[in-house]
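A short reminder: the numbers here are calculations on the coordinates, not readings from a lab. What you see is a predicted model, and the numbers here were worked out from it, not measured in a lab. A quick note on method: Cβ atoms are made from the backbone with ideal geometry, for glycine too, and the neighbour counts reach across all protein chains shown.
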Amino acid sequence: MEINIQPWQIALTIIIIATGLLLFFKFVKIIKSFIRGKKLYGIDKKEIKKKWTEIEKLLNKSSEMSYKLAIIEADKLLDHILKLMFFPGSTLGERLKVACYKYEKLRQIWWAHKIRNQIVHETNYNLHYNEAKKALNIFKKGFEELGIM
């Protein structure tokens, strides 16, 4: 007994299999997001937003020390998030380099991170409100890029 398979049958089978695979991967993605819900890699988004609100309150205290603390806290929050997202590296700088490959818009955060480094390493660094506000806006855009805010 000879089996005669037509070319259109092969093409149809390939299309059905490819469609099935695409639907399967889409289903897995939906299930993952459903299971993860409000949590992102073990972090509750409400917790992040609460921490961010505290950081913004520091900016509104009208003192240079509060501005500096706000930048440091935003930088720490970013580092914590990148660790939880399993970006490799022993420092935020190393993790940020890797994260920039996946999230190109994070490159803007380098400027804000450098401000943090100046605050921490230069004892007489003066930070003005406008510069602090700009840095925090950059951090916030980075968090949005990561899907956290």
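Some values worked out for this structure:
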{"quantity": "Whole-Hz ³J(HN,Hα) from phi, Karplus 6.51 cos²θ - 1.76 cosθ + 1.60, for the range 15-28, glycine and proline x", "calculated": "5, 5, 5, 4, 4, x, 5, 4, 5, 4, 5, 5, 4, 4"}
{"quantity": "HN-Hα J in Hz across the range 126-137 - Karplus 6.51, -1.76, 1.60, θ = phi - 60°, x for Gly and Pro", "calculated": "9, 10, 9, 3, 4, 5, 5, 5, 4, 4, 5, 4"}
{"quantity": "Sites LYS105 and ILE15 - FRET efficiency at Förster radius 30 Å, r taken between beta-carbons, to 0.05", "calculated": "0.25"}
{"quantity": "ASP44 versus LEU22: modelled label distance in nm, points set 7 Å from Cα along the beta carbon direction", "calculated": "3.9 nm"}
{"quantity": "Mean Cα-pair separation over length for the range 40-145, i.e. relative contact order, pairs under 8 Å, 6 or more apart, %", "calculated": "32 percent"}
{"quantity": "At R0 = 30 Å, FRET efficiency that the Cβ-Cβ distance of PHE86 and LYS57 yields, to 0.05", "calculated": "0.50"}
{"quantity": "Per-residue Cβ neighbour rank within 10 angstrom, fewest leading, HIS113, HIS128, HIS80", "calculated": "HIS128, HIS80, HIS113"}
{"quantity": "Loop-located GluC sites (Glu not before Pro) in the range 93-149 whose Cβ has at most 12 other Cβ within 10 Å (DSSP)", "calculated": "GLU122"}
{"quantity": "Residue range of the chain that is longest and free of trypsin sites (Lys or Arg not before Pro) which are both DSSP loop and sparsely packed (at most 13 other C-beta within 10 Å)", "calculated": "62-149"}
{"quantity": "Pairwise label distance in nanometres, ASN124 with LYS141, each label 7 Å out on the Cα-Cβ vector", "calculated": "3.3 nm"}
{"quantity": "Vicinal HN-Hα couplings computed from phi for the range 99-110 (Karplus, 6.51 cos²θ - 1.76 cosθ + 1.60; Hz; Gly/Pro x)", "calculated": "4, 5, 5, 8, 10, 4, 5, 5, 4, 5, 5, 4"}
{"quantity": "Whether the chain is rounded, prolate or oblate, judged on the alpha carbon gyration tensor where a/c under 1.5 counts as rounded", "calculated": "prolate"}
